[in-house]
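Below is one structure, written out as structure tokens, with a few remarks after it.
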């Protein structure tokens, strides 16, 4: 079961990094924001090394998510943010319980 959780975390990190890379040029996101997005994704990828990387990565991505939304769309999509918060809470809980 642990392997499944870490694979899900890695997949989540890879998908977020891919979306950032594919949209970065279109929306000309600031370098510092791209750095923190990639850092959060990287922490999820290496979460199998130490569990401390799970909350670090999720917190970074929860902070950068609304900033990304605001810079790309001119507003924060609250529905998208709530889904991200719920998904992060589930992933965080599963990673520490199992």
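Nothing in this text is a laboratory measurement; each read-out follows from the coordinates by a stated rule. Keep in mind it's a predicted model, so treat the numbers as computed, not measured.
Before moving on, here are some points about what is shown:
- Among 28, 47, 88, the residue with the largest mean-square fluctuation in a Gaussian network model of the chain, with springs joining Cα atoms closer than 10 Å, is 28.
- Helical content alone sets the calculated 222 nm signal of the chain at -29000 deg cm²/dmol, taking -39,500 (n - 2.57) per DSSP H segment of four or more residues and averaging over every residue.
- Residue of 35, 43, 53 that the Gaussian network model of the chain assigns the largest fluctuation, springs spanning Cα pairs under 10 Å: 35
- Recomputing mean projected area of the Cα convex hull in nm² from the coordinates shown identifies the correct label among (i) 5.7; (ii) 6.2; (iii) 6.6 as (i).
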